[in-house]
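A quick write-up on the structure given underneath.
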Amino acid sequence: MHPWLGRLKRRLPSPAARNWRWLLLGAGVFAGLIAWAYAAYLDSVVYTKFEGKRWSLPARVYARPLELYPGMALSPAQFIQELRDLGFYEAPNPAISGSYKRQGNVFHVITRATAFWDGKEPSIPFEVEFADNIIVDLRHATSSAALDLVRFDPLQIGSIYPAHNEDRVLVKLSDVPPLLIKALLAIEDRDFYQHHGVAPRSMFRAFFANLRAGGTVQGGSTITQQLVKNFFLSNERTLWRKANEIVMALALERHYGKDEILEGYLNEIYLGQDGTRAIHGFGLASQFYFGRPLNELRPEHVALLVAIVKGPSLYDPRRHKQRARQRRDLVLETLLTLGDINEAEAKRAHAADLGVTKTAMGVNSFPAFIDIVRDQLKRDYHEDDLTSDGLQIFTTLDPAVQRAADRAVATRVQQIEKAKRMPVGRLQGAAVVVNIDGAELLAVVGGRDPRFEGFNRARDAVRQIGSLVKPAVYLTALQDSQRFTAVTPLEDTALSLKGGDGKLWAPENYDHEEHGTVPLYKALAHSYNLSTAHLGLEVGVPAVVKTLQAMGVTRPLPPYPSLLLGATALTPMEVTQMYHTLANGGFRTPLRAINAVLTSDGKPLQHYPLSIEKVLDSSAVYIVNNILQDAVREGTGRSLYNIISPSLAVAGKTGTSNDLRDSWFAGFTRDRLAVTWMGLDDDRPAKLTGAEGAMKIWGDVIQQIGAQSGSWTPPDNVELVWIDPDNNSRADEYCAGAVQLAFMTGTAPTEYSPCTGIRGTVDQTFNWFKGLFQ
Amino acid sequence: MMRNFLAIAGIMTCTMQGCATSGPATNTAPIVDFSQRSTSYPESPEPRAAASLPAPTPAETALPDRHAAPAIESSMPTPHDAPAARTHAPIATHPAALALLNEAMRQEKSGELEIAAAKLERALRIEPRNPLLWHQLAALRLRQGQTQLAANLAQKSNSYVAANTDLAARNQRIIDRARER
């Protein structure tokens, strides 16, 4: 027998016991193998997940950045609103970015450094002075040099989330305020830098400390364990899960350094809930609770964030203020004890309020606008890129205009619903506001409830446009300046003809009357159906279709006479694009919601440039716009001046569709165009004309946002001529009731009206005289 | 009768005082007040800096196209232009827009064309009807080879400027360039 085996045999007990022990040993080895394999498995899970973890960062959407320059129209109140939106706070002595001080009409502000498409904007301390709601002085705070332009960081208005609704503001360890780290380690894991993942000593210490304190003062889990918990495991509190957690924590420490783990923790720890959006990481928590970046937080804010770690819903500073405050103070005490803050700071911090904002700004506060942004992004980016790479989307939204538009729609819809005794909550509205020269979307309102993320009427409500189509008919005619001018007589008489579908088409005027022979401008200003139909038939429906397409309408148009009175449906956005070509003097520019896209760390990725094309004769456009001014002064839109300032030059068209189902108004000033709509979603008649409904919203918006009051300069080959409406001959400004109309040079009437008296005779003779010498 | 007498008397008085008539082909170059055409804030208290037309960009003077088209960039007026009818009045520009314009031109020189374009669009937000800004954007797009867009932008610039000006002529050159291709 083998010597060794022999010795073994002699040492072993009885065969029965021997078998039993073998079994046990075997089982033990087997169990050990399983455990080892499982541990190895957990280890690899930890490694691959942490290594491969690049957090999905949603794309962040920003409003247009506020830019200040001398001469800019801005009220101090509006300025403060912008500052507050951006999370700027008032300080007696502004020293860091994001702070400001007000002394009467002078503000001392320090902007935040930001990367834009066209370069990095440094943080600038400056002073701005207002007078009469205009910026009168702008200079550098330290050098006193005059500044031409100051640009703020843009307000975040939303994000584009992946399906699982996660969000982060990633921070590097070096970006995090040292006090935060000190507080965090002091409260959550004192021996973080010493242990290997778990700290049995601190578990015991915490146990006794909590016993002594009569409450939970310290946590027993290390930061590593908490990271693992947040990262991988569910929220059960079983022994099995705890065991897993310990193994994985050890594994994590085996593979990664302390700093990496800490940084991971700072970005991963769950710190709050915002509806369906989970708030992970201190960077985002800082924005969510205080509306400010992490580096602008004061000691009491930092302490509060660390306090929240233990239980974000239990210590929710918005819902459980007392509890949150108590725990915050505990954190401050600890910091004082450890000497990380001094007595004076501690005292001040204890006395300070929580400092939490009422609601979190920037979580899709403007869903209708963000819809449009997504549409425009989809053309260039996959959904995946949008929801995981943390792209920064700089848009054209103007928060002040958007708010004014939201308010106007909500207020007027409610008001009219009540006045007309309609069932509450059914009447709806929509609005789109753009700046004309840049074709930039300033505001998009999808419904009476601005926060509602459902049906976006501005983008998706396809509604009969009715009289809104008329300017296209008149524009078509006026392009033929030899045949049609502003005073060309039209027959406002009944007509009927067979439509393309074989049915009889017999339109009527709104007042069911015939007005006989009317000059062209009057027919448009008063929106007469009959004269428009006659005119449209004369120039031909296909020509009108061409005009509409030139104006930017891409939807297929029914080539029937009923099109002349608007028997076609468009969305408010499409109407805005169409009227924009008019407002822009015959230049078609695709409306833009986005200016640029940058990567998450500020590198320029894509610029969305302004594109423009001349598609209509600018003289004909000018003439139509001129008549549309008359429409607002004396025509169907005349009650608009009850809402807006009489000195504001406005060109606009009311729109009422068949059976009064849709109430529209499309109007523009020198610099701003807005289209508004009111109606019922189920397409039942709302029984509102354009002037009764949509126009009121329009007036409110423009009155609120302010607009340039200058009027339009006629093109070189257009002249403005006074006309006597009684006989459509030349008049002058002294004639009672005279109107100033636009004509292509040489097409205006040459006959003088008797109302001009001797002045007319002199002029007439003068012209005859002049003619002799030419 | 009385009316006609008064009319003739009026005419004679007028003629004796040498009333000026408006019309083309005069000898005095009309002073075009650009501030009327590019007002963004009628009651601005700030002084407006006058921006002289920058020297023609290389894109306007060079001939990068493949066709053997004759050079159009001659600064001599073409025969049908009245010699004195062109005005060279500087275009009043808001200081903020001017600052951006200068930055844009600098960046264009160093080849950062799209960044320059973004700066010009910013300037246009401040002063939307400044024909010089539109022209610069047109010239830039021309340099990038986007001739049709350049021509369109030049037309937009022309809508804010009188026909008999230097700037209008330069815009026309860009428009003509696009037509060639």
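The values are calculated or read from the model by the stated rules, or taken from the named source; none is laboratory data. These numbers were taken from a predicted model, which means no experiment stands behind them. Every residue, glycine among them, receives a Cβ derived from its backbone with ideal geometry; neighbour counts consider all protein chains shown. Ligands, DNA and RNA are excluded from the accessible area calculation, which covers all protein heavy atoms including side chains. Shrake-Rupley method; radii C 1.70, N 1.55, O 1.52, S 1.80 Å.
Going through (1) at pLDDT below 90; (2) more than 20 Å from residue A:408 (Cα to Cα); (3) under 30 Å from the mean Cα position of the chain (by Cα) one by one, residue A:612 falls short only on (1). Suppose the filter is hydrophobic (A, V, I, L, M, F, W, C), surrounded by 14 or more Cβ atoms within 10 Å (Cβ to Cβ), part of a strand (DSSP E or B) and in contact with a Gly (Cβ under 7 Å, 6 or more places away or on another chain); does residue A:61 pass it? Answer is yes for this residue.
Residues are listed down the side, and each one gets a yes or a no for (1) open to solvent by less than 40 Å² (accessible area, probe 1.4 Å); (2) free of Cβ contacts under 8 Å to residues at least 24 places away in the same chain; (3) in a helix (DSSP H, G or I):
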| site | (1), (2), (3) |
| --- | --- |
| A:240 | no, yes, yes |
| A:251 | yes, no, yes |
| A:259 | no, no, yes |
| A:262 | yes, no, yes |
| A:267 | yes, no, yes |
| A:273 | no, no, no |
| A:278 | yes, no, no |
| A:286 | yes, no, yes |
| A:289 | yes, no, yes |
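From the list A:153, A:132, A:148, the one residue that fits, being of a type in the set (Asp, Glu), open to solvent by less than 30 Å² (accessible area, probe 1.4 Å), within 34 Å of the chain's Cα centre (by Cα) and at pLDDT 90 or above, is A:153. The residue list A:679, A:690, A:710, A:699 contains one member that is more than 12 Å from chain B (Cβ to nearest Cβ), of a type outside the set (Val, Ile, Thr) and under 30 Å from residue A:481 (Cβ atoms), which is A:690. In segment A:403-412, the condition of being within 23 Å of residue A:83 (Cβ to Cβ) and open to solvent by less than 10 Å² (accessible area, probe 1.4 Å) is met by at least one residue. Kindly check whether there is at least one residue in segment B:140-155 that is within 8 Å of chain A (Cβ to nearest Cβ), of a type in the set (D, E, K, R) and open to solvent by less than 10 Å² (accessible area, probe 1.4 Å). No. If I filter segment A:298-315 for residues that are in a helix (DSSP H, G or I) and open to solvent by 80 Å² or more (accessible area, probe 1.4 Å), do I get at least one hit? Taking every residue of segment A:298-315 in turn, none turns out to be in a helix (DSSP H, G or I) and open to solvent by 80 Å² or more (accessible area, probe 1.4 Å).
Examine segment A:597-609 for a residue that is more than 23 Å from residue A:65 (Cα to Cα), under 31 Å from the mean Cα position of the chain (by Cα) and crowded, with 17+ Cβ neighbours inside 10 Å, and state whether such a residue exists. No, segment A:597-609 contains no residue that is more than 23 Å from residue A:65 (Cα to Cα), under 31 Å from the mean Cα position of the chain (by Cα) and crowded, with 17+ Cβ neighbours inside 10 Å. All of (1) away from every other protein chain (no Cβ under 14 Å); (2) part of a strand (DSSP E or B) hold for residue A:453 with one exception: (2). When every residue of segment A:672-682 is checked against the conditions, none turns out to be basic (Lys, Arg), without any contact (Cβ under 8 Å) to a residue 40 or more places away in the chain and open to solvent by 10 Å² or more (accessible area, probe 1.4 Å).
If you go through segment A:419-444 and keep only what is in contact with a Gly (Cβ under 9 Å, 6 or more places away or on another chain) and more than 28 Å from residue A:712 (Cα to Cα), you end up with A:427, A:428, A:429. Could you list all residues from segment A:672-688 that are at pLDDT below 90 and under 29 Å from the mean Cα position of the chain (by Cα)? Within segment A:672-688, A:682, A:683 qualify. Among residues of segment A:371-386 being open to solvent by less than 10 Å² (accessible area, probe 1.4 Å) and touching a strand residue (DSSP E or B) at 6+ places or on another chain (Cβ under 6 Å), the one that is farthest from residue A:609 (Cα to Cα) is A:386.
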